[in-house]
Amino acid sequence: MIRIREVRVIDDQGEQLGVMPTVEALALAQEKGLDLVEVAPTAVPPVCRILDYGQYKYELQKREREQKKKQKSQTFKEVRLGVKVDVHDLQTKARRAAFFLDHGDRVKVTVRFRGREISHANLGRDLLMRTAELLAENGAIERQPLLEGRSMYIIMAPLEKRAEKKSETDEGDGQPAAVTASDQPPASGETIGDAIAAKGAAPQAATEAPAQ
């Protein structure tokens, strides 16, 4: 029920009819066998349109469904790493992350710290950046390394126009081709954390101070 005395009216053809008493606008809509619907109730005076309310409601619901589909089209995946992950496991996780990115998903790459590992948060940051390098052809960093509690993570977003390249990267089992590190891999049995530490990487300040 429209309680305002006067409204600005737009007819069913989209033409402006100007401001008129609400009673007169309702009568005009009834003559056409249509409804008078407020489309801008906060305007002064409110704007009403003469239309088929059932069709109008259907169009609104259709737009809402389309918006929800767009929101769900890009899901969020997570890949977890340990500070002492070895090269083989890192490449396996990188392949999985590349698969997600190539299919349009955003990926959260997380490093979890155990015990005293949290005192070497810079190793976690270096590991995340190494992983981002492996995924450079599949995605880009959307959020830089962030420390939260005993975890540090980055967010990677898929690159545009990856769909046409998917056939080149997918193997027969539906997984992407192997991702290889640009640097020489560490010796057998050596973990990524050991390799980074041995390489003498300069400590990086954590984004947030670890919890006491």
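The values are calculated or read from the model by the stated rules, or taken from the named source; none is laboratory data. Note that this is a predicted model, so its numbers are computed, not measured. We work out accessible area using only protein heavy atoms, side chains counted, and drop any ligands, DNA or RNA first. Shrake-Rupley method; radii C 1.70, N 1.55, O 1.52, S 1.80 Å.
Descriptive notes on the structure:
- Accessible area of L123 in the full protein assembly, 1.4 Å probe (Å², nearest 10): 30
- For the stretch 82-92, 3J(HN,Hα) per residue [Karplus equation, 6.51 cos²θ - 1.76 cosθ + 1.60, θ = phi - 60°, Hz, x = Gly/Pro]: x, 4, 9, 4, 8, 4, 4, 5, 4, 5, 5
- Sequence of E137, E15 from largest to smallest accessible area, 1.4 Å probe: E137, E15
- Order of exposure, largest accessible area first, which applies to S119, S151 with probe 1.4 Å: S119, S151
- When the stretch 1-139 is reduced to its Cα atoms, the Kirkwood hydrodynamic radius in Å: 20.0
- Under-5 Å amide H pairs with A140, H placed in peptide plane, nonlocal only: A157, L159
- Gyration tensor (alpha-carbon) shape descriptor, the stretch 1-82, a/c threshold 1.5: prolate
- Summed over the residues of the stretch 1-104 and divided among them, the accessible surface reaches 69 Å² per residue at a probe radius of 1.4 Å.
- In sequence order, calculated HN-Hα J values of the stretch 93-109 (Karplus, 6.51, -1.76, 1.60; Hz; x Gly/Pro): 5, 5, 4, 5, 5, 5, 4, 4, 4, 5, 9, x, 8, 7, 10, 9, 9
- Cut-off under 5 Å, modelled amide H: who pairs with R150 long-range: none
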